[in-house]
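Student: Next up is a structure, given as structure tokens.
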Amino acid sequence: MAEYIKDGTIRLSNGASACSYAAAVGKMEGEGPLGQCFDYISQGAELGEKTWEKAESKLQQYAFEIALSKGKLQKQDISVIFAGDLLNQCTGSAYGLRDSDTPFIGLYGACSTMAESLMLASLYADMRLGYYFAAITSSHFCSAERQFRFPINYGGVRPPTAQWTATASGCCITKSADKPPFIKAVTAGKITDMGVKDANNMGAAMAGAAYDSLSRHMENLKRTPDEYDGIFTGDLGQVGTDILHELFEKRGIDISRVHKDCGLMLYDREKQDVHAGGSGCGCSASVLCAHILPQIAEGKLHNVLFAATGALMSTTMSQQGESIPGISHVVEISDTL
């Protein structure tokens, strides 16, 4: 059985393999630094659909279907799907996967959902509660703007702290461990509130959660940042990244050498107008499935932490003057067991 260490950290007993993975993204994401890594790049935001929400569901379908194809799997091979997105009632996932005829567990962790879904898909695989498990998330710039901020055609000015919601989806299929990348340990996030009320400054709202979860994971497993060749957060952007580094520096710990943020990896901030960086469930999911996992499989990365971060914001609560809680889940991935 998996071993519960303490305070949300679990060491997998047998381990789980990320046996197949795929990322589908929009045109802008395909024009970024990782453009050559993605499995599918849409030439338009609509993906042939009449609404942004349906387009997001289509993107999630593509990621799932491509991951199945790459793994030489059929939908009926999947024991459980763990999926979520940013939309109310997780409609991007529910409508995108409603024809899958597969047990479905809908999740909401905001932009942390890829780590949340991968954590659960890995634990199920480790405990052999089935055969194959799919972790899927998505986001779409237009559907997120419509829900969380203002209509696209409003033309509001975005402040420098604002981040660009990625039009992207990632799918990772897990099974009991047989080949790298291996999932070895996970830490469930705690709700952390930095007191930030600005919906255009999500990096600051999430930085404390990333610090808390990463700290607990390493302390509980008695490890240091130097034992990893990559600590990937997603997606703090530049503002949240600076705060995260400062929080660790107060304890005399420098993670800047190994830390990278998916929100800063997906886009070229000098050439693409994304302000503080990328965000959205699909941001860290697409970077994980198109870049991080392949690097581990190829032996270019050996031991990494993937800590997707989420701002648990609500338009209703924000209008009532509430602050924005943050959360971050950690998944440890390696090329050896």
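The values are calculated or read from the model by the stated rules, or taken from the named source; none is laboratory data. Values in this document were obtained by computation on a predicted structure and should not be read as measured data. Counting neighbours? That spans all protein chains shown, and the Cβs are built from the backbone with ideal geometry, glycine included.
Student: For the list (1) farther than 30 Å from Tyr131 by Cβ; (2) surrounded by 14 or more Cβ atoms within 10 Å (Cβ to Cβ); (3) of a type outside the set (Asp, Glu), I need the number of the one condition that Gln60 fails.
Tutor: Single failed check for Gln60: (1).
Student: Which one of these does Ile255 not meet: (1) assigned to a loop (DSSP other than H, G, I, E, B); (2) under 21 Å from Lys197 (Cα atoms); (3) not charged (D, E, K, R)?
Tutor: (2)
Student: Continuing with the same structure: Counting only residues that are without any contact (Cβ under 8 Å) to a residue 60 or more places away in the chain, in contact with a Cys (Cβ under 9 Å, 6 or more places away or on another chain) and assigned to a helix (DSSP H, G or I), which one in segment 54-94 is farthest from Ser42 (Cα to Cα)?
Tutor: Among them, the one singled out is Gly92.
Student: I would also like to ask the following. Give me the residue from segment 172-215 that is of a type in the set (Asp, Glu) and at pLDDT 95 or above and, out of that set, farthest from Tyr131 (Cα to Cα).
Tutor: Going residue by residue through segment 172-215, those that are of a type in the set (Asp, Glu) are 178, 193, 198, 212.
Filter again for at pLDDT 95 or above, leaving 178, 193, 212.
Working: Asp178: 12, Asp193: 38, Asp212: 33 Å.
Among those residues, the one meeting the criterion is Asp193.
Student: So which helices (runs of 4 or more DSSP H) are wholly in segment 278-328 and hold at least 3 residues that are at pLDDT 95 or above?
Tutor: Working: elements: 281-287, 293-297, 315-319.
Per the criteria, 281-287, 293-297.
Student: Name the residues in segment 175-193 that are basic (Lys, Arg) and out of contact with any Leu (no Cβ under 8 Å at 6 or more places or on another chain), would you? Reasoning before the result, please.
Tutor: Applying the first criterion (basic (Lys, Arg)) to segment 175-193 yields 175, 179, 184, 190.
Matches in segment 175-193: Lys175, Lys179, Lys190.
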